[in-house]
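Laboratory data are not the source of any read-out in this text; all were calculated from the coordinates shown. Nothing here was measured: the structure is a model prediction, and the numbers come from that model. Using ideal geometry, Cβ is built from the backbone for each residue, glycine included, and neighbour counts are taken over all protein chains shown.
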Amino acid sequence: MIAPGLPAATLLLEQLPFSHSFGSLPPAFFTRLQPTPMPAPYLVCASEAAAALIGLNPAELTTPGFAETFAGNRILPATQPLAAVYSGHQFGVWAGQLGDGRAILLGEVAAEAPGGALEIQLKGAGLTPYSRMGDGRAVLRSSIREYLCSEAMAALGIPTSRALCVVGSDQLVMRETPESSAVATRLAPTFIRFGSFEHWYYQDKTSELKTLADYVIARFYPELQDEAKPYQALLTEITRRTARLVAQWQAVGFMHGVLNTDNMSILGITIDYGPFGFMEAFDAGHICNHSDSQGRYAYAMQPKIGHWNCYALGQALLPLIGEVDDVHAALAGYADAYQEKIDELLHAKLGLQRREEGDSALIDGMFKLLQDNHADFTLFFRRLGDLQQSNPAADSPLRDLFIDRAAFDAWVAQYRLRLGQESSNEAARRAAMHAVNPKYVLRNYLAQVAIEKAQDKDFSEIARLQKILEHPFDEQPEHERYAALPPDWASQLEVSCSS
């Protein structure tokens, strides 16, 4: 939805009112450059919902100029393309200078978002000074995955960058094998990361560090400007948002895969979709990223890594905050913020209206049951919503997810007793649970099917999957197979940092 006073979705591309707040920072923060054109670009997919956020007329999405623009071949006069510099810790190791190695920011457009605008960024638009050993390109495979997941996460209500479109080309780039290239266009209030602050801290450039912090506070956290200790307050708020975001990931079974500090947003939104995954057969130790040989970013590790990354940000902000104790005080809120949010979400997922003393044992027992039986995470919660409180004979669809039926029967008996404690209304509970437990998530095999068709220039499955994922909580009986258990071959799929 467009904020009051902002244009409806009627703008032509040439009418997009670009501004350049990040580009107004000193030159040390970025390099101005033009995207590298792609040969014969073609539109793979585009999101009308994302276009509406910036007031873009949906009819523009199908014009030849649209693909040319978001391939980087056609430069709108109001844009001021640039690539930002940042650094970061990767897999827990200081990696030094990184930066937008294949992403180019065009500017920002007014929208209902923090800061009142959304930045428009081309991912895969060619070499930049920060490309290091890379080629500056993204591949079609990873671009489709990022596009679908960005829009799916938004529909799930999880804070995220958005995806406007993917533009492809027959130009080949080398990964493990030659792959066709693509550009994904991303939208976010800002792409400033934890690593953006680390960059200046590790270069011992406090003036630039302060400039960046002041910009972030003024634009995205103006309520903190009058705080006695604004930089501590900034760290406190980023820490709180990060904790709540990770709780939302855990509750829906989302695994990011690469929680490096350069992939962590200072707004507490999900960015940089690479080797992500949604939990299927439940395993708390599941590693969705084939490149993560040590399991640093396994599902169960995400809350701890979120906290670790906030500590890295706290270290970077120490010269501004001044006192180590003040940094620790800001970081101390992570655990409570995470626990409060995950408790809220799990109670909602279980259809429990209030918290009782024995709930922790019930929830711990549930996760042990899921772990021991490797039950499908999404199907378990969805089918649990259909549980009939007074009719155990109707439990078969849910019970069939478990090998140890006796253990399931024992846990579900406890669950029924807990529902009885608050005189739960069955119809109301079912509606409430189905409103928070999705039926449809972006399973890896669904994305893979869409990708393989797209590689043959058939983009229909992307469009179909996107439409389904835009309404993840609806029954959609005509799409029942998209909510089924994954086929056997799906367990062989691997995604890595090259994804």
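List the trypsin sites (Lys or Arg not before Pro) within the range 176-220 that fall in a DSSP loop (any state other than H, G, I, E or B) and whose Cβ has at most 15 other Cβ atoms within 10 Å.
In loop regions of the range 176-220 (DSSP not H, G, I, E or B), the sparsely surrounded trypsin sites (Lys or Arg not before Pro) are 205.
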(request) Take the Cα pairs of the chain, get the Kirkwood Rh, then feed it into Stokes-Einstein at 20 °C and 1.002 mPa s and tell me D in µm²/s. (result) 90
(message) Run the helix sum for the chain: -39,500 (n - 2.57) per DSSP H stretch of 4+ residues, divided by residue count, reported at 222 nm to the nearest 500 deg cm²/dmol.
(response) -12000 deg cm²/dmol
(message) Please report Rg (one decimal) and Dmax (integer) in Å for the Cα set of the range 352-423.
(response) 11.7, 31
(request) Any chance you could get the radius of gyration and Dmax over the Cα atoms of the range 158-253, in Å? (result) 18.4, 56
(message) With θ taken as phi - 60° and the coefficients 6.51, -1.76 and 1.60, list the Karplus ³J(HN,Hα) couplings across the range 468-485 in order, rounded to whole Hz; mark glycine and proline as x.
(response) 5, 6, 6, 10, x, 9, 7, 5, 6, x, 6, 10, 4, 5, 6, 9, 7, 4
(message) So for the chain, averaging the separation of alpha carbon pairs under 8 Å that are six or more residues apart and normalising by length, what relative contact order in percent results?
(response) 14
(message) Considering all alpha-carbon pairs of the range 12-60, what whole percent are spaced by more than 19 angstrom?
(response) 54
(message) Using a 7 Å offset from the Cα along the Cα-to-Cβ direction at both residue 204 and residue 423, what is the distance between the two label points in nm, to one decimal?
(response) 7.0
(message) Over the Cα atoms, compute the radius of gyration (one decimal) and Dmax (the largest Cα-Cα distance, rounded to a whole number) for the range 13-192, in Å.
(response) 15.5, 46
(request) Return one number: the angle in degrees, 0 to 90 and rounded to the nearest 10, between the long axis of the Cα atoms of helix 333-349 and the longest principal axis of the Cα atoms of the chain. (result) 50
(request) Return the percentage of antiparallel bridges among DSSP beta bridges fully within the chain, rounded to the nearest 5 %. (result) 95
(request) Enumerate the calculated ³J(HN,Hα) couplings along the range 201-216 in order (Karplus 6.51 cos²θ - 1.76 cosθ + 1.60, θ = phi - 60°), each rounded to whole Hz, writing x wherever the residue is Gly or Pro. (result) 4, 6, 8, 6, 10, 5, 4, 5, 4, 5, 4, 5, 5, 5, 5, 4
(request) Return a whole-number percent for the relative contact order of the range 340-409, with Cα pairs under 8 Å and 6 or more residues apart as the contact set. (result) 27
(request) For the range 151-248, run through the GluC sites (Glu not before Pro) and keep only the ones in DSSP coil with at most 10 other Cβ atoms within 10 Å of their Cβ. (result) 176
(request) Can you list which of the GluC sites (Glu not before Pro) found in the range 263-343 are DSSP loop residues with at most 15 other C-beta atoms within 10 Å? (result) 323
(message) Using a 10 Å cut-off around each Cβ, can you sort 161, 21, 491 from fewest to most neighbouring Cβ atoms?
(response) 491, 21, 161
(message) On a 28 Å Cα-Cα criterion, which of the cross-link pairs 368/439; 123/349; 349/457 come out too long?
(response) 123/349; 349/457
(request) Take peptides 417-424, 384-391, 281-288, 297-304 and line them up by average Cβ neighbours within 10 Å, highest first, as a rough protection proxy. (result) 297-304, 281-288, 384-391, 417-424
(message) Give me, ordered by chain and number, the residues 5 or more places off residue 30 or on other chains with an amide H under 5 Å from its own placed amide H.
(response) 85
